[in-house]
There are 2 protein chains.
Amino acid sequence: MYYSYAPKIISQRVLQLSGKNLFTRNNFVLSNISKKVQLNLLRNFATIESNTSGAEIPAKKHAPTKELTQDDIKFFTSILPANGLIIDKEDDLMPYNIDWMRKYRGKSRLVARPKTTQQVSQILKYCNDNKLAVVPQGGNTGLVGGGVPVFDEIIINTNNLNQIRSFDPISGVLTCDAGCILELLDGYLAERGYMMPLDLGAKGSCHIGGNVATNAGGLRLLRYGSLHGSVLGLEAVLPDGTILDNLSTLRKDNTGYDIKQLFIGSEGTLGIITGVSISTPRRPRAVNVAVLGFNSFQNVQKAFLTSKDELSEILSAFEFWDINALKLLKAHNIHGKKFPLEDNYPFYVLVEISGSNKSHDDEKLQNFLEKLLTNEIVTNGVVAQDDTQITSLWSLREGIPEACSKAGAVYKYDISMPVPVLYQMVKDIRIRLQSAGVLGEDKLVSDVIGYGHIGDGNLHLNIVAKSYDPKVTNLIEPYVYEWTEQHKGSISAEHGLGLMKADYLGYTKSPPMISLMKQIKQSIDPNGIMNPYKFLPTQ
Amino acid sequence: MYYSYAPKIISQRVLQLSGKNLFTRNNFVLSNISKKVQLNLLRNFATIESNTSGAEIPAKKHAPTKELTQDDIKFFTSILPANGLIIDKEDDLMPYNIDWMRKYRGKSRLVARPKTTQQVSQILKYCNDNKLAVVPQGGNTGLVGGGVPVFDEIIINTNNLNQIRSFDPISGVLTCDAGCILELLDGYLAERGYMMPLDLGAKGSCHIGGNVATNAGGLRLLRYGSLHGSVLGLEAVLPDGTILDNLSTLRKDNTGYDIKQLFIGSEGTLGIITGVSISTPRRPRAVNVAVLGFNSFQNVQKAFLTSKDELSEILSAFEFWDINALKLLKAHNIHGKKFPLEDNYPFYVLVEISGSNKSHDDEKLQNFLEKLLTNEIVTNGVVAQDDTQITSLWSLREGIPEACSKAGAVYKYDISMPVPVLYQMVKDIRIRLQSAGVLGEDKLVSDVIGYGHIGDGNLHLNIVAKSYDPKVTNLIEPYVYEWTEQHKGSISAEHGLGLMKADYLGYTKSPPMISLMKQIKQSIDPNGIMNPYKFLPTQ
């Protein structure tokens, strides 16, 4: 029997999502996840301990920061309302000083939460004039320590910059404040028949400004491309307080250097993004999802190529995970009791299709699956029959990071590389840890998980350990970066460099490239107040 | 009767293109057009006269250029073979010194045609050390005087950088030299089931490096997005000879500032692009085209919105032109004898669909057209029945620039703006020229034509005059730029700023934006040798 799970077998093609249900589903999924993230966040903050890893923290402060004085505090109090400031209250500061993975922790004494771009400008000008280093912070959902202070940098959080400025239903262009939460924006667009062109696990907490500042990738990049293509305009404040008003809503604008592109993915090192214009696609009328089991990574690749031919313009996600990920999901009961496929396959793939005509899409999916069967590329799979099943299938993929977090301290790597070698990295790191005698039950490292976005050649390598242990760290790094360099990959595919990978930039970029980056940084932030110690190598 | 042209009426849906034919067709169309462009080019060069307009040329040379000396010539001769250099031969220099519209003409004494990135590096280093200004030049198909010298700048032409470096059939990533011709690249990809993500009239001559340097838009941006999204990596040489080796083939790479983005659309003012990596989409199996006649621009907009719903993921072009454009096509016999619709409509739209399943696409097109008819949005239209008819319908749209050129000296403007006001600009400029008594048969201006890309809010305003006359120029400029500014548009949508619009940048970008651009230019090209007088305002 090919298809063993409750959803009807593929050949029956009884796929009954309506457009209306689809929107409900997405909102439903999103809400669930965001609550989980938020709960985790709170739990972490409540139980924060002193053994938080600080392995990557520089030995000493070298950014041009002076201590916060009474005059400084007076200034901030003069321009921000009481609810826009947190000063010297340790408990209140904690959620801003530490990242949600509890891996990075700073000691800022002041969080500013401006409500207007003008206030951001005043704050930055003051900080620049007075050599006070700052760290811009959005939803604090980053994985590389980019959004929390390293020492006592002032935190400028975009929580209060949360207004939608405009939406044009003809062009589909949305303009909003940087602090708008991705999920809420998507919900706003859903009511208007549009959707955000990006989607990621942290959508319930992350800010669009943070997404842009880190050039977030996510689940839909395969279909809708990167933010370098979909962001049409930005409003940003430079370190000296200058407001760059480049909130264009035009799809085409070839007037001068495309300055906004520099800010996309600059991780708050050049200024603070305060507003975003983004081109949003029409929300598809029909969505469906299949999960397939594969006997080899070779067949995963063949299936991807087949999907490009058969699903082509309606393919919206091609995600994979390995059997270790599935076992972890089961062990930590993330997905519930039912699993769509037995854990007999080394690899699983989730294929999502989104289109404007349900019967056409169903037929294309059918053709795709039949081709996989005929060519013996896949041996087992399920297709969602309704809203609930689509949610259920997606939750397998989306639950993996949570399952890893529950299992222990997680070393997370986000690598892009040519697809053919993508899983080899996971195998090689397992061999390395096994040889060193640290991988196994009751050992330092309990698991090595591989999952990610096949369509983008993007592997998420998660190494689950008892704690962040220098012995483990040294076995993994710089090995994982050297491996990436040898295979012409990128050490940071869709996350950021942050504090974690700033000093490893040279594994992906050449000295002339890094030199030019430093030149640009120096030109725009000569005092080095913006997000110091991160993004660029200190040496 | 709704559908009056030879192609069968829409409701019959007899659309018979096969995948194989499709590739043939595209190559066929491309070849035709490129030959025309090349012929025009040669004709222009052969008959070049001294009355070439130089209205926008600065009064005097102020770039840091010294005269070319024997030592300089000795250097160039030492690193380039004889066929890579043209020195002081006026006839041979002419095609490089003048643009194809014969609007801009410089007096360079030297054209260098390097064959390797290393040679480009040597040349730029020498020029930078010796304060010799240079103009990078690709296929010389630009419309704004960006690719020809203003005075005696050295021309560095990329003709000899013309090798395809690699193509990965799994990811669809192409890596090639900057001097590869767009059409040839597309032909290369066609044989492998892929296509270039951009397409424009000059494809038979333009270089991919020039496309990237000017961030060319074109006919398929609606579907495949801008080069900021599809270019994955660049190799570029800085003014000091430094080679930036950023030829990444990864879809995701968040390591440091995305430097390549600065070069996309920088029009040769920061360095010379020598290599390009680009993500290419799967070539569609089925393509079809309809041309529709509309009674109002309001209905054109309604049809566009309907196409977003009904054609959605298979919509690949939504182009429009006005009746004046059609009359010009007829008058200059560009299209041949047969016209698909009578010239009874003020507006015409070409809709192209491209997808992976012909019968699905046909049905979607049918639904789209029926919806337009039911809602009385359109009253007449034709759908291509075969290869030849698709070519024929496209040639209407693609023949417009040629028809304008044949009619006289053409003032070309390339404006993007919100779609609702898009055609108002054409109307307003007609009124302005009429009021001034210069528009009409036997007057200074014979015609004002509007056409372009509705899907991108991009109008090509072409004003056909007897010659480039200061009286006409002063009536149009800065009026057209002021109008654009008032309507929140861009004065340069998909062409470039070049020499023509450098001083008008302030109509679209704010002083802080321009200031930052100048800062970046100063930082990367401190001697100002790269493409002087262009792109950025001289004041």
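The values are calculated or read from the model by the stated rules, or taken from the named source; none is laboratory data. Source: prediction; values computed, not measured. All Cβ positions, glycine included, derive from the backbone under ideal geometry; neighbour counts span all protein chains shown. Each accessible area value is taken on the protein alone, full model and side chains, heavy atoms only, with ligands, DNA and RNA left out. Shrake-Rupley method; radii C 1.70, N 1.55, O 1.52, S 1.80 Å.
Results, tabulated for the structure shown:
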item	result
Amide proton proximity set for B:Ala317, modelled H, under 5 Å, gap of 5+	B:Glu352
Å² of accessible area per residue within segment B:313-375, as computed with a 1.4 Å probe and no ligands counted	34 Å²
In nm, spacing of pseudo-spin labels at A:Lys66 and B:Lys60 (7 Å Cα→C-beta vector)	4.8 nm
With DNA, RNA and ligands ignored, accessible area of B:Met94 (1.4 Å probe; Å², nearest 10)	30 Å²
Cut-off 16 Å (backbone N to label point 7 Å along Cα→Cβ of B:Thr538), residues of segment B:95-117	B:104-107
Nearest-10 value in Å² for the accessible area of B:Glu67, using the 1.4 Å probe	110 Å²
1.4 Å probe accessible area per residue over segment A:225-291, in Å²	17 Å²
Positions from segment A:464-497 whose accessible area shrinks by 30 Å² or more when the full protein complex is built, not the chain alone, probe 1.4 Å	A:Ala493
Paramagnetic reach from B:Glu90 (point 7 Å along Cα→Cβ, amide N under 13 Å) across segment B:147-171	none
Leading residue at positive end of dipole, segment B:88-204 (Cβ point charges), from B:Thr141, B:Ala190, B:Asn128	B:Asn128
Ordering of A:115-123, B:400-408 by packing [mean C-beta count within 10 Å, highest first]	B:400-408, A:115-123
Backbone HN-Hα couplings from phi across segment A:404-420 [Karplus 6.51/-1.76/1.60, Hz, Gly and Pro as x]	5, 4, 5, 7, x, 6, 10, 8, 10, 10, 10, 10, 10, 6, x, 3, x
Pseudo-label separations to other copies for B:Pro537 - Cα-to-Cβ vector, 7 Å, nm	4.0
5 angstrom amide H check on B:Met195, placed H, neighbours 5+ away	B:Arg283
Dipole in debye (nearest 20) - chain A, about Cα centre, beta carbon charges: Lys, Arg +1; Asp, Glu -1	300 debye
Area buried, chain A against chain B - accessible surface, total, 1.4 angstrom probe, square angstrom	6900 Å²
Other copies of A:Ser166: label-to-label distances in nm, shortest first, labels 7 Å along the beta-carbon direction	4.5
Whole-angstrom gap from segment A:345-364 to segment B:98-172, using each part's C-alpha centre	46 Å
Net lengthening on full extension, B:Ala331/B:Asp343 (0.36 nm per residue, minus Cα-Cα)	3.1 nm
Segments A:530-536, B:310-316, A:103-109 sorted - mean Cβ within 10 Å per residue, highest first	A:530-536, B:310-316, A:103-109
FRET efficiency for B:Glu363 and B:Thr388, using Cβ-Cβ distance with R0 set to 25 Å, rounded to 0.05	0.60
Accessible surface, per residue, of segment B:408-502 when the full set of protein chains is kept, probe 1.4 Å, Å²	32 Å²
Cβ-based charge dipole, chain A, positive-most Cα from A:Ala407, A:Leu80, A:Asn527	A:Ala407
Listing of segment A:216-238 residues, each with accessible area lower by at least 50 Å² in the full protein assembly than in the chain alone (probe 1.4 Å)	A:His228
Neighbouring partner chain Cβ atoms per residue of A:509-522, average, 10 Å criterion	5
Label geometry 7 Å along the beta-carbon vector: B:Lys61 inter-copy distances in nm	5.6
Whole-Hz couplings from phi, Karplus 6.51/-1.76/1.60, listed for segment B:194-211; x for Gly and Pro	10, 8, 6, x, 9, 8, 8, x, 8, 4, x, 10, 5, 9, 4, x, x, 4
Portion, in percent, of the accessible area of chain B that falls on carbon or sulfur, probe 1.4 Å	51 percent
Residues in segment B:330-361 occluded by at least 30 Å² - accessible area, probe radius 1.4 Å, against chain by itself	B:Ser356, B:His360
In range of the label at A:Lys131: residues from segment A:75-99 whose backbone nitrogen is under 20 Å from the point 7 Å along Cα→Cβ	A:75-76
Interchain or long-range residues, amide H under 5 Å from A:Leu247's placed H	A:Leu234
Unit charges on C-beta of K, R, D, E only; dipole of the protein assembly as shown, Debye	380 debye
Residue-wise HN-Hα coupling along segment A:307-315, computed from phi with Karplus coefficients 6.51, -1.76, 1.60 (Hz; x: Gly, Pro)	5, 5, 7, 8, 9, 6, 5, 9, 5
Total charge dipole magnitude, segment A:162-279, about the Cα centre, Cβ charges on Lys, Arg, Asp, Glu only, Debye to nearest 20	340 debye
